[in-house]
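Chemist: Let me give you the structure first, and then I'll get to my questions.
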Ligand SMILES: [Zn+2]
């Protein structure tokens, strides 16, 4: 898979890379962190939106939230 996507900042298709970021969430008093994948444009370093990566982050966040809820019981 080629890592090319449209960057709104560059107004063209650019190459992107992915960095790991720890995201802290406080959802209705349930606090948890998860390692999110953040795709960014290699040319301008702006974040870009990749649906597949976003899906992975949702799964990671969901798992982390579930674990946090189970710990809190
Ligand atoms: Zn860009």
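Since every read-out is calculated from the coordinates, none of them should be taken as a lab result. It should be emphasised that the depicted structure is a prediction, and the values quoted were computed from it without experimental measurement. Backbone-built Cβ (ideal geometry, glycine too); neighbour counts: all protein chains shown.
Chemist: Measure off 7 Å from each Cα along the Cα-to-Cβ vector at residue 71 and residue 20, then give the distance between these two points in nanometres to one decimal.
Modeler: 1.7 nm
Chemist: What's the extension gain from residue 11 to residue 43 if we count 0.36 nm per residue and subtract their Cα-Cα distance?
Modeler: The span from residue 11 to residue 43 would gain 10.4 nm if fully extended.
Chemist: Given 10 °C and 1.306 mPa s, how large is the Stokes-Einstein diffusion coefficient of the range 28-73 in µm²/s, with Rh as the Kirkwood radius over Cα pairs?
Modeler: On the way: Rh = 12.0 Å.
Translational diffusion coefficient: 132 µm²/s.
Chemist: A further question follows. So for the range 4-71, averaging the separation of alpha carbon pairs under 8 Å that are six or more residues apart and normalising by length, what relative contact order in percent results? Intermediate values should be presented prior to the final figure.
Modeler: Details: 104 pairs, mean separation 19.9, N = 68.
Result for the range 4-71 is 29 percent.
Chemist: Contour minus end-to-end for residue 56 and residue 27, with contour as 0.36 nm per residue of separation and end-to-end as the Cα-Cα distance?
Modeler: Working it through step by step, the gained length comes to 8.5 nm.
Chemist: Here's a follow-up. Ignoring everything except DSSP H segments at least 4 long, calculate the 222 nm mean residue ellipticity for the chain; use -39,500 (n - 2.57) per segment, divide by total residues, nearest 500.
Modeler: -10000 deg cm²/dmol
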